[in-house]
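Student: Here it is, the structure in full.
Every read-out reported here was derived from the displayed coordinates using simple, explicitly stated rules and does not represent laboratory data. Computed from a prediction, not measured in an experiment: that's the story for all the values here. Quick reminder, even Gly has a Cβ in these numbers, built from the backbone with ideal geometry, and neighbours come from all protein chains shown.
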Amino acid sequence: MEAWKKRHEEALLHPHDAEAALVEMLRGWKHYAEVYADRFDDSIGNDYFLGPLWAQIGVQLRGLLNGETGRLDCGTLDGLILGLLEAQGFDEEGEQA
């Protein structure tokens with residue numbers, strides 16, 4: 001395993017300081033969409049009120065990757081956020097695609 005990947009995975013499993021804050025925010029954001037889907041049997045991207053709000057959180061989380069991230073790999077996290085946005089029907093700016 002490459003060194004960067006090992007550091008990134010260790011930060012996800014045992015985050016410190018800013019890593020912990022980012023990991024918790026990302027997990028909470030992702031979990032919110034999962035809970036929504038379970039509760040309403042639909043994608044949060046189909047909710048015309050909550051969906052855009054959820055998407056804007058993702059956009060802002062991407063912005064936070066420009067700050068302190070410790071051992072986390074920002075490219076990996078950026079790809080994760082973009083993938084989740086796209087899966088819900090949003091572009092990289094949080095607009096309906």
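Student: Which of the helices (runs of 4 or more DSSP H) contained wholly in the chain include at least 1 residues that are surrounded by 14 or more Cβ atoms within 10 Å (Cβ to Cβ) and over 12 Å from the mean Cα position of the chain (by Cα)? Talk me through it step by step, then tell me what you get.
Tutor: Numbers: elements: 3-13, 17-40, 50-64, 74-87.
Result: 3-13, 17-40, 50-64.
Student: Could you list all residues from the stretch 26-49 that are over 17 Å from Leu85 (Cβ atoms) and in contact with a strand residue (DSSP E or B) (Cβ under 7 Å, 6 or more places away or on another chain)?
Tutor: none
Student: With the structure loaded, tell me whether Asp91 is closer than 25 Å to Glu2 by Cβ and acidic (Asp, Glu) or whether it fails that test. Steps first, answer last, please.
Tutor: Details: closer than 25 Å to Glu2 by Cβ: no; acidic (Asp, Glu): yes.
Against the criterion (closer than 25 Å to Glu2 by Cβ and acidic (Asp, Glu)), Asp91 does not qualify.
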